[in-house]
Each structure stands twice: as structure tokens, then as C-alpha cells.
Amino acid sequence: MLRRACLALLPVLTVAVLAGCGDDDPAPTTPAPSAQTSVSAAASPSAETSPAASPSPSPAINFTVDGAGPYTIGGNLEALKAGGLLDKVATGAETCPVNTTASGTGVWKDVQLQFRPDGELYLVVNRSKTIPTPSGARLGMTLAAVSSIYGNLGKELNGGAAYLVTTTSGRGILFDLDQNKKVFAMIAGDAAYLKSSYEGGTDFC
């Protein structure tokens, strides 16, 4: 009788024990924020630092086959006047009387300009020792030094009195040389025109 009672109680005790074990399970907790997320948020100052870390670069002070600074081949006389970018504007000089000449301003003050009667800028002359070409050629360099920079792109004119560099665009720079074979002026424009005008002695009119 006692054995039967004990056996009868076993299922009840088993259920009770199991129920008790279930009560010991820890309550679900909210997961802690990951360290990576916290660090990323704290170490992301891009909204504050990006503007200061990316200053606008200054325009390059170079002389190219296209001209110098705002004075590019094909530019317009009246537009440059309106922008206050010209000095010493004159028309009717002894050489090329129908053309207009001018000089640049600011860092370009030693750059001389020639415009056709229709106002188109067709010739830019650099007489500044502080304005080199992008390849590093500058006034005062010898013919040998300039030739070593440009190699097959360049050609001597009139027995080495000048050196013409021609690019694939058809434009070029003529390096005018003094009696010591040193550059005293650079002239940018259409390469074929520079060659024919220099060899023909037309004063680039």
C-alpha cells in the first residue's frame, strides 16, 4: 500500500521538480551595445573635420601651349576687359597696327597678349622668370637644357635661334633665344603659325 502511494507520488514530484527548474532560468536581458558601435560613433568626426582637411588648391602658375592663367588662346578681348584682367591695352602699334596688345595683371603682369581685330586672343608671350612651363622650362635656361626636357617634341629653328615645341593639339611654345642660346621669351599659339611667322620674320602679326 505504501509502495503504491510512493509510486503514485512520483509523477507529481517529477512535475514539481521540473517546474522548479524552469523557474531558475535567468530572465532575458537586453544585450549591451557592442564596443565597435560605440567606438565608431565616437571616432567619426568626418562631418566636422572633412571641410578643414580638404582646402581648395591654388591655381598653378604655369605657362602652357594654351597660354597662362586666365589668358588662353581663343579668349575674347572684351570679356577679359570686363573681368578687369587686362592692363596697358593699346591698338595701332607700329608693328601689327590692326591688332590690339595688352598685358596681364597680378602674377601675370609680365605676360603680353596679342588680339586679332575681331578680339580673339591668338598669341601669349611670357617674359617672366617666375612662370615656368609645367615641365620645368623657364626663362634663362640654355637651349641644351630645354632640349633635354622636350626631346622629340622640340625642333630648332633658324639654326638654333629658337626652339619650337609642338603638341598633339597643334598648339605649341616657341622658345626665343638670345645670342648666348638662352631663353628670353616664350610664345604660345598655333604651332604651325609660330613656325611660319618666325621663319618669315612677320613679327607674329
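Overview of results
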| read-out | value |
| --- | --- |
| Convex hull volume per residue for segment 63-200, taking Cα atoms only, in Å³ | 107 |
| Likely footprinting exposure, 141, 186, fewest C-beta neighbours within 10 Å first | 141, 186 |
| Sorted by Cβ neighbour density within 10 Å, fewest at the top, the residues 123, 153 | 153, 123 |
| Cβ-based exposure ranking for 204, 115, 184, in which fewest neighbours within 10 Å come first | 184, 204, 115 |
| Members of 155/182; 155/195; 109/181; 129/155; 88/181; 81/109 lying beyond 20 Å, as alpha-carbon distances in this model show | 109/181; 129/155; 88/181 |
| Potential extension, residue 203-residue 184 segment - 0.36 nm per residue separation minus Cα distance | 5.2 nm |
| Extension gain from residue 148 to residue 61, taking 0.36 nm per residue of separation minus the Cα-Cα distance | 29.1 nm |
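Rule-based calculations on the coordinates, nothing more; no lab input. A quick note: this is a predicted structure, and the numbers were derived from the prediction, not measured. Heads up, the Cβs are rebuilt from the backbone with ideal geometry, glycines too, and the neighbour counts pull from every protein chain shown.
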